[in-house]
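Please treat every number below as a calculation from the coordinates, not as lab data. In this text the structure is predicted, and so the values were computed from the model without any measurement. Methodologically, a virtual Cβ is constructed for each residue, glycine included, from the backbone with ideal geometry; neighbour enumeration extends over all protein chains shown.
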Amino acid sequence: MVNEKQIVVGSRGSKLALIQTNWVISELKRLNPGYEFRVEKITTKGDKITDAPLSRLGGVGLFTKELEVALIDKKIDIAVHSAKDVPTEIHEELIIGATPRREDPRDVLISSNNATLENLPHGARIGTSSLRRRAQLMAFRPDLRILDLRGNLDTRLRKLETADMEGIILAHAGLLRMNYPGQISQVIPSDIMLPAVGQGSLCIEIRKNDPRIEKIISGMNDPQTRIAVEAERALLARLEGGCQVPIGAYAHIQGDDVHLEAIICSVDGVKAVRDRQSGSVSQAEKTGDELAQRMLENGGMKILNEIREQFQKTINHI
C-alpha cells in the first residue's frame, strides 16, 4: 500500500546536490508537518563523464534527464535541480513546480595567493569547465591561460591545491550553500562576467496534473526568483543555447519591472554582443524573448553560427 504521507525526493549524489536537496526537504517539512521525505540518489550522464569538457558532450539535460525519467516512471515525486542545469524545454509530462529564493548568482575567483582578476600575474593559469566563463575571462584578460576543470565542487577545490594553476572560477551560490570555509579572492562583478541562466537558483520539478505534490511544494516558490529565472530562460530558449555556447544573463526585479542583461561571446572572447532590456513583471518571458531577438539581429546570430560550426567540426574529429 502506498504511503500518502511519504514523499520521495530525487537528487544527484554530489555533496552540493545533497546539501541543496536536504535544504529543500527541511523547508518542505516545516511547511508540511506530518509528511515524511526520503532522498533517492540518482546518477546522471554528466556525473558519469568527468574526463571531458561539458562543451564536448553536447546535448541537453546532462544533469537532469535521469531524474526526469524517474519522475515520469513515478519512482520519485519531486526532483531538485540547479536551475542552470535545467533545459529550456522540459518533458511534456513535467513542470517546474517551484523556484525557491535565489542565492548570489555571481561567479567567484579562488586564487592560490588571494589575487583578483585584475592583479593575477601575466599568463596565469585559471581552471574552469564553462565556455561562458572562459569567453568572458578571455575578453577581460586575453593573456590568461584557461584550463579545463571538471568534477564536483570538492574535486575542483582540491585541484586548485594539486594542479598547476593559479586560480579557479566557481559559482558563489554553491560555496555559500556548502558553507565554504576558505578564502574567496574575488566576487566577480557582473560587468566583467555575467552568470549562467538560472545560476544561484534551484528548480523543483514535478509531474504535471499532480495536485497533491503541487500543494506540498507551493510554499517553496519565491515569486521574484521565479519571474527573473523565467526571463532568463526565455532568452536562452530563443538563443537555443546549451553548454557549448557562451551565453550569460541575469535578471532582477525592481518594483513592477524585470531588468534583464545578457551577453553572447565568441569562445575566444574577441567578439561579443551585450545588451539589456526592461519590462513588466507580467511580461517577463516576453522581455527575455525580445532581448534575445535583438541580440541575434545585432551580431549574435553570426557569433552563434560560428561557434556551432566549430563545435560540429570538433565532434566530427572525435
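Which length gain, in nm to one decimal place, applies between LYS286 and LYS5 when the Cα-Cα distance is subtracted from 0.36 nm times their residue separation?
97.2 nm
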Residues ARG102, ARG132, ARG212 arranged by fewest to most Cβ contacts within 10 Å
ARG212, ARG102, ARG132
Residue pairs, from the table LYS15/LYS75; LYS48/LYS208; LYS29/LYS65; LYS159/LYS302, whose Cα atoms sit over 31 Å apart
LYS159/LYS302
Kindly provide the helix-only [θ] at 222 nm of the chain, computed as the sum of -39,500 (n - 2.57) over DSSP H runs of four or more divided by all residues, to the nearest 500 deg cm²/dmol?
-10500 deg cm²/dmol
Which distance in nm do the two modelled labels at TRP23 and ASP143 give, with both placed 7 Å along the Cα-to-Cβ direction?
3.7
Using label points projected 7 Å from each Cα along Cα→Cβ, tell me how many nm separate ASN221 and ARG158, to one decimal.
4.1
For labels at ASN209 and TYR35 in the simple 7 Å Cα→Cβ model, what's the distance in nm?
2.1
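How far, in nm, would the chain grow between GLU297 and GLU309 when pulled straight, counting 0.36 nm per residue and subtracting the alpha carbon separation?
Here the segment from GLU297 to GLU309 would lengthen by 2.5 nm.
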Could you work out the relative contact order of the stretch 107-187, using alpha carbon pairs under 8 angstrom and six or more residues apart, expressed as a whole percent?
52
If a helix is a whole DSSP H run, which ones in the chain reach 15 Å or further along their own axis (Cα) and hold a mean Kyte-Doolittle hydropathy of at least 0.0?
15-31, 223-239
